[in-house]
1. Which pairs, out of 119/204; 148/204; 70/93; 70/107; 119/148; 107/148, put more than 21 Å between their alpha-carbon atoms?
2. Once ligands and nucleic acids are excluded and a 1.4 Å probe is used, how much of residue 102 is accessible, expressed in Å² to the nearest 10?
3. Under the rule of at least 5 residues apart or a separate chain, name every residue whose amide H is placed under 5 Å from the amide H of residue 151.
4. Not counting ligands, DNA or RNA, and with a 1.4 Å probe, what is residue 48's accessible surface area in Å² rounded to the nearest 10?
5. Could you pull out every one of the aspartates and glutamates with an alpha carbon less than 12 Å from that of residue 215, ignoring same-chain neighbours closer than 8 positions?
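The values are calculated or read from the model by the stated rules, or taken from the named source; none is laboratory data. These numbers were taken from a predicted model, which means no experiment stands behind them. Calculation scope for accessible area: heavy atoms of the full protein, side chains included, ligands and nucleic acids excluded. Shrake-Rupley method; radii C 1.70, N 1.55, O 1.52, S 1.80 Å.
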Amino acid sequence: MELFVKIFRYTQWTSALIIASVFALTACSNNSESVPDTRGVYMLMDTSGTYTQELEQARRVINFTLAELKPGDSFAVARVDTGSFSEKDIVTKATFDSRPSVSNEQKRIFQASISAFLKDVKSSTHTDITGGILQAVEYLNETGAGHKTILVFSDMKEDLREGYVRDDIPFALSGYRVVALNVTKLRADNVDPRNYLDRLDSWKQRVESGGGEWKVVNDLERLESLLAQ
């Protein structure tokens, strides 16, 4: 009788261990499957001051990105102006269809919208990069993309209108990559290069403190390998 009880208890313990192991494996499997293999890209275009002269370079980046994105991927382009935490600043956006004919038409419309915007773009008086990044996060979270990238086409000099509050707003960028593109040097940077280095370091700290990955790409040829990751 005592031997039977021991066998029964051992059987119960073994069964419980197997069930726990199955649950653990299932949880791991679910976690690995919870990240979709889709990409979301949100590009911010600086339209302040003389930086509008750089926007033809931005068109190159947009066309290249469109060529790289696949069915199920999402792409949005927005301007950075005086107050950029607004959907009104999104120039155009799309999530690409699985049907090639539909996807190609979406990309054609996307390019046409960009061309129309660049043709009539007006320079903004201020530069709200922080608001643009916050809007980018909101948009990309809604897409459900597994791999999220924010491209910031700017000299990264933020110039806020009086009364706008941005310094105390943290970024929530876990799982995000933020890439500063075509960071041109300002006149003050040539006088004292520390201005340029400090500006980039400040953005790096803000992005990384929010859990994001920070990169600077001034050679646009390197963008291909970046988007392929």
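1. Working: 119/204 33 Å; 148/204 17 Å; 70/93 14 Å; 70/107 11 Å; 119/148 29 Å; 107/148 19 Å.
Beyond 21 Å between Cα atoms: 119/204; 119/148.
2. Approximately 50 Å² of residue 102 is accessible to the 1.4 Å probe.
3. Amide H to amide H, under 5 Å and 5 or more residues apart or across chains, residue 151 pairs with 42, 43, 44, 179.
4. 20
5. Hits, sequence-local ones excluded: 201.
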